[in-house]
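Report on the following structure.
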Amino acid sequence: MKKLSSFLFSMFFTGILLVIFAIAIGYATFLENDYGTITAKILVYNSRWFEILLFILCINIIGSVFKYKLIARKKWTVLLFHISFIVIGIGAMITRYYGYEGSMHIRENSSSNFIVSEASYVTIKISDGTETVEESMEVKFSPYTANRFSEKIHFQGKTIHIDNQQFMPSAVENVVLDPNGEPIVSMIAVMNGSSRTDFTLRNNNTKNFGDIALGFGSNTSAAIQLSIKNGNLYIAANDSIEVAGMMSEDSEFITPNTETLVNTQKAYTYKNLTFAIKQFLPNASVQLAYQQPNQGMSAPDAFKATVSSNGESKELIVFGRKGEVGDFSHTSIDGMDVAVSYGSKIITLPFSIQLKDFQLERYPGSMSPSSYASEVVLKDGATEMPFRIFMNNILKYKGYRFFQSSYDTDEQGTILSVNHDSMGTSVTYFGYLIMAIGMLLTLFNKSSRFKSLLKASAKLREKRKKLFTVLVTGVLLSIGAQAQNTTLTPLNSDHIRSFESLLIQDRKGRVEPVATLASEILRKVAKKTSWEGLSPSEVFLDMQANPEKWKNIAIIKVSNPELRRTIGINGKYASFNSIVRTREMGGYILSSAVQAAYNKESNLRNKLDKEIMNVDERVNILMAIFTGDFLTIFPVPNDDNHKWVSINEAQELPAQAADFAKQTVSSYLQSVQIRDWATADQLLNNLKLNQQTIGEKIIPSDTKVSMEVMYNKLNIFGKLAKIFMFTGLILLMLQLLSLFNPNIKLHFLKSFAFYFILALFLAETAGLAIRWYISNHAPWSNGYESMVFISWATALGGLIFAKRSEITLSLTSVLAGLTLLVAGMSWMSPEITNLVPVLKSYWLIVHVAIITASYGFLGISALLGFLNLILMIFRNKRNSDRINHTVKELVNIIQIALIIGLLMVTLGSFLGGVWANESWGRYWGWDPKETWALVTILVYTFITHMHRIPGMRGSFAMSVAAVLGISSVLMTYFGVNYYLSGLHSYAQGEAAPIPSGVYIALAVVALVIVSAYFSEKTNPIVEEEVVSED
């Protein structure tokens, strides 16, 4: 027993549990992507084995608290941190079993006192005519799982069994002849002119349409009764039925309680229900089949249930779907009426909410929502509480929380998501709180491993026998300067400076200077930041003033060699006229290729298809420039949405304003064409004055406009990418050279290197601050911005660790530059955009900043680990002592960086849970992004505890783990966005094949690890265990 408990509470067993946990939830995200959320929940997230795994992990943590004596006073911070996960687990359990969610739909000036459940239920009603019993069971059905459902209900001394035999999504009933079958009627019906319903009725089954019941057989008491006599089908009802031919306007009536032979060519109308009998088969059976969605709308799901009692058995087809309250399907058995429904259920609230007004605000001049809100009044008896519900601002009352979720297309109704989980949320939040306190105080606890690693780092620094030196030359100043053949005449520089500050409204409603749009266009069309000595603004203006000239200039980037041959060009650039030719010369030569490329599924498009689509986009951009579509510089007077238009939309302007627009633009471009700058200056000033007069409500300040123009010109991050990388590589080469050759002495440049990189870091900080100022939101709201912020955090980490190891500074400089280089790639758009409503929250600043910065520290550890492995490979007898000392020093820094990164990614992830709870109504929903963030936490939790697992200690193991661990970060940041689907849609991109470079990188990493392993095996490093108390 002692051995068993020792194993159960060992760090080795903890590691096993963490690995299983991480693999399970990571695999579940792919299950969800391929087979749906419900399948992932059934097989993993909500499965019994997964709950047992989490329970065992909690027991393991509790046992570890006693085994490692964390209750001792000096370890209370570590205890607090570990116990927090137990508390969070308890909160999650309460949410799982006692919390529920739903949605409330309210139209303006109407009230609602119920919600439709998020979960799906099978509801069973059994009645004998005098008493009724009803039970509801939550179910999860998927076409890829067993869908076991079996319920036993005792009623009036009888036992009724209901068992699921088959589940079919988007189902349709097919009636087939079966000699051993039963009588079946196939019908269609329309209630109140609504959509058509196809269904079947078995003997003694009933179908309800509101308060109208349609039954088949002798044992039903339906208002409309179908029955069999002498092998024929008859109809009768308790009220008159109108009968009309399918193609005839003539009709007749069936008097009440009169049986009439059914005619399948007739339509029957009973009150507001119209129906027809498609087919009657005396011996048949029903099969469920999948029906392809029509125009994106799928048919209801269905399951086939077997109802049995006292030796009698009946089949019952039950239709329904998630998010909709299902209709009951009836059958009679053993003298009882059994009704079964599938779908969401109604949950009545002890109060009501009235929608006074729904408000939708859009970004100026666009259809993109800026925010939407519901002005409601909560009514509970004599209590009336007005409240404004909008994104990130929730209504809380009696344990219920109401969130702004969506709205009706006519903007006259709102959809609120509702959550009832006050206890589970409170317990979980308490766990988050003590986790944050424990994490932060652990950094200052003198007995923590973090402090022990800092002390060990200081000792290694004292033992260091040589200092690494840095050489940085004035070559940096020349980076990016390339010789260009200027064949185009520059425009007047003073006029261009004035033109750059002319305001324009982009397609998403953002008002920005022309310089921003021009820069984006040139990057998109030519993949350059300037063109033959001309700035983007010069190119943009001259294209509109001299369109025919620019149609013959090869400025469209064509990357694919095969496409170049199709167009008939030798270089990498094509002119507009070489692609868009006259009708006699073939017209638009890419027309058929573009259509073929767009007709393919995105994952089936090859490189040629994608380049065709890219070139098509560039051609269309030029077409829009030549026709003036991009010059949306005229505010529409008194427009509610503050829309701005170009001269091509001048019909939206008042007559006088339209004339002004057309004449001014025409005269202005003509003045630019003939280089009459005095006239051009005057006309440009007239355009600016018109904007300030009519569009003053939304135009940015002059300071902000000037700052944005300067930001575009400086291209801060593009230049810093090259300088960071060049500096880091030079430093790294010199440090490695001095490491392998101790005779090289370069002490005098060490301080210069530090301060130079500090200056680069301050420049990057200034760039982020400028972007924050001009965008009005924290600059980490999309892929490009978050990559820049990761670079910033990496550079900061390098400066922090520089005193402990100069080689870390060089590596972080390389990584910071590389990250900026990736941010500048074509698939990362540097465009400043408006925020989607969910991102308009202070949580954007807190959550995203912390979790993104953590990637910088984890990236540092991976890069240092990779360098360590390379150093191990090149050890020999002459340099062994120096390299071993450097490896130990770097491993120490790796562990410090890992602890900081782990604490930040953990804190950031759980703060993200709080944000999700404020935005979507749940603090955890197993969305792929948050799931992979948890995988990252688990991976680095395992790595930071490897020093306690036998066989996984030492410099080699830690270096390998740091390198491999970064794969979880890459999957969280890139993989989820481009290969999985989830709620973080504002961060997603189009799915694409895995780049071949990834496989090459994996092969290189594997080769380095194997080589370092054999080197370490023959010449192992003598390890000095860092003593810590946790």
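The values are calculated or read from the model by the stated rules, or taken from the named source; none is laboratory data. The structure presented is a predicted model; accordingly, all values stated were derived computationally and were not measured. In this analysis, Cβ positions are derived from the backbone assuming ideal geometry, glycine residues included, and neighbour counts consider all displayed protein chains.
Things to note:
- None of 860, 899, 873 is among the aliphatic types (A, V, I, L, M) and closer than 18 Å to residue 787 by Cα except 860.
- If you go through the range 163-200 and keep only what is surrounded by fewer than 16 Cβ atoms within 10 Å (Cβ to Cβ), among the acidic types (Asp, Glu) and within 22 Å of residue 341 (Cβ to Cβ), you end up with 163, 198.
Each row is one residue, and each column tells you yes or no for (1) at pLDDT below 85; (2) β-branched (Val, Ile, Thr).
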position	(1), (2)
3	yes, no
45	no, no
49	no, no
56	no, yes
61	no, yes
75	yes, no
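- Restricting attention to the range 947-965, the residues that are surrounded by fewer than 21 Cβ atoms within 10 Å (Cβ to Cβ), modelled with pLDDT of 90 or more and not small (Gly, Ala, Ser) add up to 1.
- For the range 677-698, the condition of being of a type in the set (Asp, Glu), out of contact with any Asp or Glu (no Cβ under 9 Å at 6 or more places or on another chain) and either at pLDDT 90 or above or closer than 18 Å to residue 760 by Cα (or both) holds for none of the residues.
- Residue under evaluation residue 425, criteria (1) among the β-branched types (Val, Ile, Thr); (2) surrounded by fewer than 18 Cβ atoms within 10 Å (Cβ to Cβ); (3) at pLDDT 70 or above, criterion not met: (2)
- Unique match (being more than 41 Å from the chain's Cα centre (by Cα) and not small (Gly, Ala, Ser)) among 178, 198: 178
- Hey, residue 317 surrounded by 15 or more Cβ atoms within 10 Å (Cβ to Cβ), part of a strand (DSSP E or B) and either touching a Leu at 6+ places or on another chain (Cβ under 6 Å) or outside the structural domain of residue 185 (by TED's automatic domain parsing) (or both) or not: yes
- Residue count for the range 206-241, restricted to those that are buried (at least 16 other Cβ atoms within 10 Å of the Cβ) and within 46 Å of the chain's Cα centre (by Cα): 6.
- Residue within the range 621-638 that is assigned to a loop (DSSP other than H, G, I, E, B), in contact with a Phe, Trp or Tyr (Cβ under 6 Å, 6 or more places away or on another chain) and either in contact (Cβ under 8 Å) with a residue 24 or more places away in the chain or surrounded by fewer than 17 Cβ atoms within 10 Å (Cβ to Cβ) (or both) present: yes
- Scan of the range 754-803 for residues that are surrounded by 17 or more Cβ atoms within 10 Å (Cβ to Cβ), of a type outside the set (Phe, Trp, Tyr) and not in a helix (DSSP H, G or I), ordered by number: 777, 778, 779, 781, 782, 802
- Within the range 290-309, if we keep just the residues that are modelled with pLDDT of 90 or more and farther than 21 Å from residue 186 by Cα, the residue that is surrounded by the fewest Cβ atoms within 10 Å (Cβ to Cβ) turns out to be 308.
- When residue 160 is tested against the conditions (1) under 24 Å from residue 133 (Cβ atoms); (2) out of contact with any His (no Cβ under 9 Å at 6 or more places or on another chain); (3) surrounded by 19 or more Cβ atoms within 10 Å (Cβ to Cβ), the lone failure is (2).
- Count - residues of the range 52-72 that are under 30 Å from the mean Cα position of the chain (by Cα), touching a residue at least 40 places away in the same chain (Cβ under 8 Å) and either surrounded by fewer than 14 Cβ atoms within 10 Å (Cβ to Cβ) or part of a loop (DSSP other than H, G, I, E, B) (or both): 0
- Selection from the range 357-375 of residues that are at negative phi and either modelled with pLDDT of 95 or more or part of a loop (DSSP other than H, G, I, E, B) (or both): 363, 364, 366, 367, 368
- Selection status of residue 941, within 26 Å of the chain's Cα centre (by Cα), assigned to a helix (DSSP H, G or I) and surrounded by 22 or more Cβ atoms within 10 Å (Cβ to Cβ): no
- The listed residue being under 22 Å from residue 521 (Cα atoms) and of a type in the set (Lys, Arg), out of 610, 600: 610
- Residue check: residue 398 meets all listed conditions (1) at negative phi; (2) loosely packed, with under 15 Cβ neighbours inside 10 Å but one, namely (1).
- Filtering the range 141-162 to residues that are aliphatic (A, V, I, L, M) and either more than 37 Å from the chain's Cα centre (by Cα) or not assigned by TED's automatic domain parsing to the domain that holds residue 316 (or both) leaves 153, 160, 162.
- The range 88-147, residues that are surrounded by fewer than 19 Cβ atoms within 10 Å (Cβ to Cβ), aromatic (Phe, Trp, Tyr) and under 24 Å from residue 923 (Cβ atoms): 97, 98, 100
- Put simply, of 534, 502, 522 the only residue that is under 27 Å from residue 706 (Cβ atoms), out of contact with any helix residue (DSSP H, G or I) (no Cβ under 6 Å at 6 or more places or on another chain), modelled with pLDDT of 90 or more and surrounded by 16 or more Cβ atoms within 10 Å (Cβ to Cβ) is 534.
- Number of the exception - residue 285 against (1) touching a Gly at 6+ places or on another chain (Cβ under 9 Å); (2) assigned to a loop (DSSP other than H, G, I, E, B): (2)
- Residue list for the range 379-431, filter: within 14 Å of residue 354 (Cα to Cα) and of a type in the set (Asp, Glu): 380, 384
- Residue 80 being outside the structural domain of residue 941 (by TED's automatic domain parsing), modelled with pLDDT of 90 or more and either on the phi < 0 side of the Ramachandran plot or outside any helix (DSSP H, G or I) (or both): no
- Among the residues listed as 167, 149, 114, the single one being closer than 25 Å to residue 54 by Cβ and of a type outside the set (S, T, N, Q): 149
- Exclusive hit being within 20 Å of residue 96 (Cβ to Cβ) and at pLDDT below 95, set 70, 31: 31
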